[in-house]
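As structure tokens, the structure follows; a few thoughts come after it.
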Amino acid sequence: MRFLADMGISQGTVAWLRDQGHEAVHLREIGLQRMVDPDILEKARLEERILLTMDLGFGSLLAANRSQLPSVVIFRLDVETPTRVNAHLASVLANFQAQLEAGALLSVREKVVRIRVLPINPE
């Protein structure tokens, strides 16, 4: 799988993903640490990457755009160290690969993962 990590995600998580055989890039690595959220989302979509973030605003952007892709994983953990994020990400990849490939918004908390299939329909 291909991933794009924004500034809330550790570069250690990107390294961990690479060690797991995934293609991953961090915005800081490519000099885009000041990129605004809509442009980050579009970059992930154009490059067919799953966006990893801790920024809740991406859910609203996906809903407003009614986009099918990119998939976005938002981490909402009590402890946001790379070790904890990586452990939860490993579980997400093991259990939700099909949803991520098809287009989904995942909200990852300590004990639960909420999934919204894209596009998000207005409620």
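Picking from residues in the range 56-65 that are of a type outside the set (A, V, I, L, M, F, W, C) and in contact (Cβ under 8 Å) with a residue 12 or more places away in the chain, the one that is nearest to residue 37 (Cα to Cα) is 57.
Of everything in the range 107-122 that is hydrophobic (A, V, I, L, M, F, W, C) and assigned to a strand (DSSP E or B), the residue that is modelled with the lowest pLDDT is 117.
Note on the range 66-89: among residues that are assigned to a helix (DSSP H, G or I) and touching a residue at least 12 places away in the same chain (Cβ under 8 Å), the one that is surrounded by the fewest Cβ atoms within 10 Å (Cβ to Cβ) is 82. Taking every residue in the range 42-55 that is under 24 Å from residue 82 (Cα atoms) and free of Cβ contacts under 8 Å to residues at least 40 places away in the same chain and pairing it with any residue that is of a type outside the set (D, E, K, R) and part of a strand (DSSP E or B), at least 6 positions away or on another chain, yields no pair with a Cβ-Cβ distance below 6 Å.
Look at the range 98-120: where a residue is farther than 17 Å from residue 60 by Cβ and a partner is of a type in the set (D, E, K, R) and modelled with pLDDT of 95 or more, sitting 6+ places away or on another chain with Cβ atoms under 6 Å, you get 109/76.
Going by what's in this entry, would residue 86 be described as over 14 Å from the mean Cα position of the chain (by Cα) and of a type in the set (S, T, N, Q)? The answer is no for residue 86.
Can you name the residue in the range 93-119 that is β-branched (Val, Ile, Thr) and in contact with a Leu (Cβ under 6 Å, 6 or more places away or on another chain) and is also nearest to residue 46 (Cα to Cα) among such residues?
If we filter the range 93-119 for residues that are β-branched (Val, Ile, Thr), which is where we start, we get 108, 112-113, 115, 117.
Next cut, in contact with a Leu (Cβ under 6 Å, 6 or more places away or on another chain) only: 113, 115.
Working: 113: 26, 115: 22 Å.
My answer is 115.
The values are calculated or read from the model by the stated rules, or taken from the named source; none is laboratory data. The structure displayed is predicted, hence computed values, not measured ones. Positions of Cβ are backbone-derived with ideal geometry, glycine not excepted, and every protein chain shown enters the neighbour counts.
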